[in-house]
Structure formats: C-alpha cells, structure tokens
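Right, one structure below, let's go through it.
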Amino acid sequence: MHQPAVRLSGGERAGDYLKRKLGIDYNETTADGCFTLKEGECMGACGDAPVMIVNNTRMCSFMSDDKLDALVEELKADAAAKGAK
C-alpha cells in the first residue's frame with residue numbers, strides 16, 4: 001500500500017499504468033526478461049513526483065503516461081541493441 005503522499009503525487013497511478021502496459025504486477029518480470037517492476041519506499045522526491053528508479057542508477061521524474069511510454073520504448077531499444085552485439 002502506498003503512503004498517502006505517493007498516492008496524491010501520482011505514484012500509484014504511474015505504477016498501475018506500467019503494470020497494465022507491461023502486463024505484469026509488482027515483483028514480476030516480462031516474458032522477454034526486459035522489465036521487472038519493484039515497488040519502492042519514499043524516494044524523498046515529492047517535488048519531482050511521480051518518480052521511478054531505473055536499474056538502480058537513474059532517477060526519472062514527473063513520469064506522465066507519455067514519459068512512461070517513451071522510457072519503455074527507450075529501454076526496449078537499449079535491450080535490443082545489447083542483444084544484437
């Protein structure tokens with residue numbers, strides 16, 4: 001269950017959007033192995049919310065549906081490029 005501040009800042013909405021888009025729930029991985037969704041605790045970035053961490057190294061801020069779509073496509077392209085090498 002998300003904290004109230006996370007719900008109010010769009011974190012729950014963003015998580016639900018990604019779950020629908022990727023066809024997985026938290027702690028699951030897509031069939032191609034490219035995406036795993038993990039639910040996080042407070043990231044101390046309410047002013048940039050909703051936020052997400054990608055591969056434990058990159059914080060993404062203000063994650064609207066359009067930005068989530070673009071990020072998913074970017075990560076798919078990166079995975080495909082790495083697989084082609």
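Using the Stokes-Einstein relation with a Kirkwood hydrodynamic radius computed over Cα pairs, the translational diffusion coefficient of the chain at 37 °C and a viscosity of 0.692 mPa s comes to 244 µm²/s. Relative to the dominant Cα principal axis of the chain, helix 65-84 is inclined by about 30°.
Note on ALA80 and ILE24: the extension gain reaches 18.2 nm, defined as 0.36 nm multiplied by sequence separation minus the Cα-Cα distance.
Label separation (ASP66 vs ASP32): 2.4 nm, computed from points 7 Å beyond Cα along the C-beta direction.
Toward the positive end of the charge dipole of the chain, with +1 on the Cβ of Lys and Arg and -1 on the Cβ of Asp and Glu, the farthest Cα among ILE24, THR57, LEU71 is that of THR57. To the nearest 10 degrees, how steeply does helix 11-22 sit against the main Cα axis of the chain, on a 0 to 90 scale? That helix lies at roughly 20 degrees to the long axis. Compared with the alpha-carbon gap, the fully stretched path from ASP16 to THR57 is longer by 12.5 nm at 0.36 nm per residue.
Each reported figure results from applying straightforward, stated rules to the coordinates on display, with no laboratory input. Here the structure is a predicted model, which is why all the values come from computation and not from measurement. Neighbour counts run over all protein chains shown; Cβ positions are idealised from the backbone, glycine included.
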